[in-house]
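Each value in this text was obtained by applying a stated rule to the coordinates, not by laboratory testing. Quantities reported herein were computed from a predicted structural model and do not represent experimental measurements. Virtual Cβ from ideal backbone geometry, glycine too; neighbours counted across all protein chains shown.
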Amino acid sequence: MPGKRYGLLTERQYTVLKLRIAGKTQEEIARMLGTSRENISIIEKRAWRKVRLAEETLRHVKELLSVAKVTIPPGTHLVQVPGMLIAAADKANVKLKGNFTRIYDEIRFRAESSIKGTHVIKPVTVVIYRDGTFEVVSEDSQRSMSIRERIRSTIHSVK
């Protein structure tokens, strides 16, 4: 009988990742679970593969759900951006979920290395979804840490 599942992860994979995040080494986990370090390494590697595939799947599904993609060119003043996004959403017959302040702040936060002062200095891309939500998918956000990288960063900082 199969054990409990955590999304795509088996119970064992979930347990290993949970213990790694808590700062345990593969050797310590192996002793706790009564197996070899090599086996824990394999379990962890397979778990990361599943996490990576889940992230990739979500990216593709989000693409399917998008109705508009707006690229904000360098030189654009940030106060122009909310109007650009609202216009693109209107054209796609979608009511954008966000007011001027939220859109402005989201661009500044999610694409900070593409912004200098109040101007865009590198292109910023924003995707608008059918439900009216939007996401900044600029170079910054694509380089931002994936779930897997965040977990690995946590694991290494705990040691």
For each pair in 91/122; 4/50; 62/97; 62/122; 69/122, compute the distance between the two Cα atoms and list the pairs where it is over 18 Å.
91/122; 62/122
Radius of gyration and Dmax over the Cα atoms of the stretch 65-143, both given in Å:
11.4, 32
Net dipole in debye of the stretch 1-125 [+1 Lys, Arg Cβ; -1 Asp, Glu Cβ; about Cα centre; nearest 20]
240 debye
